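Engineer: Below you'll find the structure I mean.
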Amino acid sequence: MFYLRLLITQLFLVFIIFDTSVIGGKTKLVTYTVTLSANEKTDICCDAELQVNSIQDGRCPIKVLCVWAGQAKVDLLLSNKEDSSAIELIIGAQPKSNAVIAVGSKSYNVTLVNVTPYPGTNNNPLEAIIQVICA
Ligand SMILES: *[C@@H]1O[C@H](CO)[C@@H](O)[C@H](O)[C@H]1NC(C)=O
């Protein structure tokens, strides 16, 4: 009985947390945050697939003096049943980290949050951290 009550309480908490995603009492926005390496893909927004085609990192390494800060660029492909759209997002110098991407009749708000590891920190494979807000 105690466990049942605990379970019910937890369900209630999850429900409250989910409910706070209702913005302005109108639109329910679902946000996905995914971490992908080059050539990896994942399902997002129940109806679409996000693929990272390539990651290029030209950011100035830590402890190196560079002429400019450099950029990290990620080429993405967003697909759903209707169509697909390719896009390049950039962080670092002259960033273009956010775009609203139309795929068929739907649109997705895609943000390049980070590219890890930062050059000069470790030798892990490059990964892009991407946030998608589903329309
Ligand atoms: C896309 O999402 C970002 C937050 O991640 C927000 O700042 C921006 O206003 C959104 N763009 C649109 C058109 O909704």
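Just so you know, all these numbers are worked out from the coordinates, no wet-lab data involved. Since this is a predicted model, take the numbers as computed values, not measurements. Here the Cβ is made from the backbone with ideal geometry for all residues, glycine too, and neighbour counts use every protein chain on show.
Engineer: Can you tell me the length gained on complete extension of the stretch residue 39 to residue 107, counting 0.36 nm per residue apart and subtracting the Cα distance?
Structural biologist: My answer for the length gained is 22.2 nm.
Engineer: Answer with one residue from 99, 116, 74: the one whose Cα lies farthest towards the positive end of the charge dipole of the range 72-130, charges on Cβ with Lys, Arg +1 and Asp, Glu -1.
Structural biologist: Value: 99.
Engineer: Please give, to one decimal in nm, the separation of the simple spin-label points placed at residue 68 and residue 124, each 7 Å out from Cα toward the Cβ.
Structural biologist: 2.8
Engineer: Let me ask another. Can you give the local net charge around residue 54? Use residues other than it whose beta-carbon is closer than 15 angstrom to its beta-carbon, Lys and Arg +1, Asp and Glu -1.
Structural biologist: -3
Engineer: Give me the net charge for the shell around residue 89: Cβ to Cβ below 15 angstrom, other residues only, Lys and Arg +1, Asp and Glu -1.
Structural biologist: -1
Engineer: In a shell of Cβ-Cβ distance under 12 Å around residue 132, excluding residue 132 itself, what net charge do Lys and Arg (+1) and Asp and Glu (-1) give?
Structural biologist: Taking every other residue near residue 132 into account, the sum is -2.
Engineer: Once you've got the Cα coordinates, tell me which of 73/106; 28/96; 28/106; 41/106; 41/81 are over 22 Å apart.
Structural biologist: Pairs exceeding the cut-off: 73/106; 28/96.
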